[in-house]
Amino acid sequence: MRPPAPAIVAFAAAMLLLPAIAAAAEPAADSQVGFERQLLDAPGLASISYINILLLLVFAAVAFYVCNWTFLDARFVNTNQAAWGAIVLAGAVAGLAAAVAVPIFFIGLPLGIILFGGAAVAYALHRNGLVTPALRVLTAAHLARLRRRLMGRKAIEDGTGPASAANLEIVFMGLDDLPRRLAGGPPAQEHANREVERVLYDAVRRGASAVGVVIRPQKAEVRFRVGGEMVAGSDVDRPASDHFAATVKRLAGLDPNETRKPQQGRLRAVVAGHTMELRVKTAGTVRGEQIAVRIIDVQASQMKLDDIGLPQAHLDTLREALAVKPGLVIISGPKDSGLTTTLHACLRHFDRFNNNVMAFEPHVDLEVENVQHVVVNQEDGPVATAEVRSRIRMEPDIVAVDSLYVPEIAQILAETLKARSVLVSLRAADTSQAVERMAALFGSAQPLADRLQIVVNQRLVRLLCTGCREAYRPNPEFLRKANLGNRNVGLLYRPPTRLEAADGKVVVCPKCRNERYVGRTAIFEVMPVDAVAREMIGRGSSAADVRTYVRKLGMRNLQEEGLQLVIEGRTSIEEVLRAIKQAT
């Protein structure tokens, strides 16, 4: 049975205290005589008692809200929910008790506010250190957003115009958390402002990870990347398309007059309460200007190992491998298969306050709190190698390298493995190919024989829309070929084959808008490497032989992991096959 939420306990405590509050507010009749009785019966003093009760009720309501918010927010930021919930609850109870117990009400109430406010502010400071600046509370930017929300979303009384030109739930902000508004102008510019908001709002609503816009003489062609696939968006016609690129550039802090040289910029967008980070790139071509906007969900990007889709058995195996120090963990897969997300989730698993964690990446799109991110362009050759060597001399406890492919850097990591843990992501089709490529980069299999703990290979697959997926009974011959003949498989699911009703009209699914898939998850091929497997590597056995040995111990390959999702009705066979055949 789950323990009651701290907010419920706080509310119950406040309700239990109300009789005492009421008793304190009404003086006893037999003790009031003469002049004192007349004073207390005066209308002014009676109103003060009712005001006291009202203030205490307001205090109890605020305490209830903050305790409930703390309980939910602690889970979101992945901190100690029980401890912080108890601290804030204790502050609320102590504050209410002080407000009631102190004889002089206007001394007790401020004392209670200080006790409760101290606990609440302590939690706010703690959780602010765990999240990105856009998600921090009680900051100047947060208070300004609250003020704007109270005043209304559309009208901002600072002379800069409305927050949304298209009356959509979207607000643009710079990295300093200050709002960026679209400048007014001629009707064509106003139309372009609305189109920019519409395109970006539609992209976020459809779950797109990127937006591509090509400015043509007649119109601006819009494409979204949804679930790893490019789909058509709503194009922008003239004259709004003539101002579209300049509007996006101004939002991203770029030069709107530069149409030839490449430019890069960043901004944030709050869409229906969700904070998105937008990475804008622009470049000129012979046929027109091109814009690429990468969309990153700030909350969803803060994934931990529990959030990336690993089955519980694989999750336990990976955690055990990460706990071995010094040790080597290899994460592999093709391009755009979520390697950086998994690598960052592994880094979040470590205690980054007591360990010095350093990550070398070709570009830093997202940062992990308390991790030293170092941008290293491996194409720079000796310069990149010297940078990695100089940084490792600072003696980090844990070293991570994203997209490793340079042997010189790999050989530095081989030396590092003697005393430190190393995490590496690289391109490979499966776990055995990942072992072969890692050995080739090291120049020897000995570092693998000494320190390798686990190899992970992964793919991203799209999830079927539960609103329009189509059930069917699989062919027994297919079940036999997929080694599922001995399992009780009833119905499988696939994308809908027809999108028309009986009268021939197109039926639009309200959940996916006929895109058939909603969201993505990962399938993982996890190869744990025990002492016997490391001994085989040391003897010179091939990676395929090592994989065969681990398969005998119960390891499942990518196809089997994908078929499990198919049996659960989460994805289709065609999607699993597409993902597995993805080129590295």
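Scanning region 462-478 for residues being of a type outside the set (Gly, Ala, Ser) and within 29 Å of residue 209 (Cα to Cα) gives a total of 8. Restricting attention to region 430-468, the residues being surrounded by 19 or more Cβ atoms within 10 Å (Cβ to Cβ), part of a loop (DSSP other than H, G, I, E, B) and touching a Pro at 6+ places or on another chain (Cβ under 7 Å) number 1. Within region 395-403, not a single residue is among the aliphatic types (A, V, I, L, M), under 22 Å from the mean Cα position of the chain (by Cα) and assigned to a loop (DSSP other than H, G, I, E, B). State yes or no: is residue 515 of a type outside the set (Val, Ile, Thr) and either assigned to a strand (DSSP E or B) or at pLDDT below 90 (or both)? It is true that residue 515 is of a type outside the set (Val, Ile, Thr) and either assigned to a strand (DSSP E or B) or at pLDDT below 90 (or both). Scanning region 363-393 for residues that are within 21 Å of residue 329 (Cβ to Cβ), modelled with pLDDT of 90 or more, assigned to a loop (DSSP other than H, G, I, E, B) and not β-branched (Val, Ile, Thr) gives no hits. A search for C-beta distances below 7 Å between a residue of region 565-584 that is part of a loop (DSSP other than H, G, I, E, B) and any residue that is basic (Lys, Arg) and surrounded by 15 or more Cβ atoms within 10 Å (Cβ to Cβ), counting only pairs 6+ apart in sequence or on different chains, returns 571/462; 572/494; 582/459; 584/427. Condition check for residue 347 on (1) under 24 Å from the mean Cα position of the chain (by Cα); (2) surrounded by fewer than 17 Cβ atoms within 10 Å (Cβ to Cβ): one failure, at (2).
Has region 105-127 got any residue that is more than 30 Å from residue 82 (Cβ to Cβ), at pLDDT 70 or above, assigned by TED's automatic domain parsing to the domain that holds residue 83 and in contact with a helix residue (DSSP H, G or I) (Cβ under 6 Å, 6 or more places away or on another chain)? Talk me through it step by step, then tell me what you get.
At the first step, the residues of region 105-127 found to be more than 30 Å from residue 82 (Cβ to Cβ) are 105-107.
This time we only want the ones that are at pLDDT 70 or above, so: 105-107.
In the following step, the residues that additionally are assigned by TED's automatic domain parsing to the domain that holds residue 83 were identified as 105-107.
The next check asks that each one be in contact with a helix residue (DSSP H, G or I) (Cβ under 6 Å, 6 or more places away or on another chain); those that pass are 105.
The answer is yes; a qualifying residue exists.
Looking across region 453-479, just one residue is among the polar types (S, T, N, Q) and modelled with pLDDT under 85, and that is 475. Residues in region 192-214 that are surrounded by fewer than 22 Cβ atoms within 10 Å (Cβ to Cβ) and either farther than 18 Å from residue 296 by Cβ or among the hydroxyl-bearing types (Ser, Thr, Tyr) (or both): 194, 198, 201, 209, 214.
The values are calculated or read from the model by the stated rules, or taken from the named source; none is laboratory data. As the structure is a prediction and not an experimental result, all values here were calculated from the model. Counting neighbours? That spans all protein chains shown, and the Cβs are built from the backbone with ideal geometry, glycine included.
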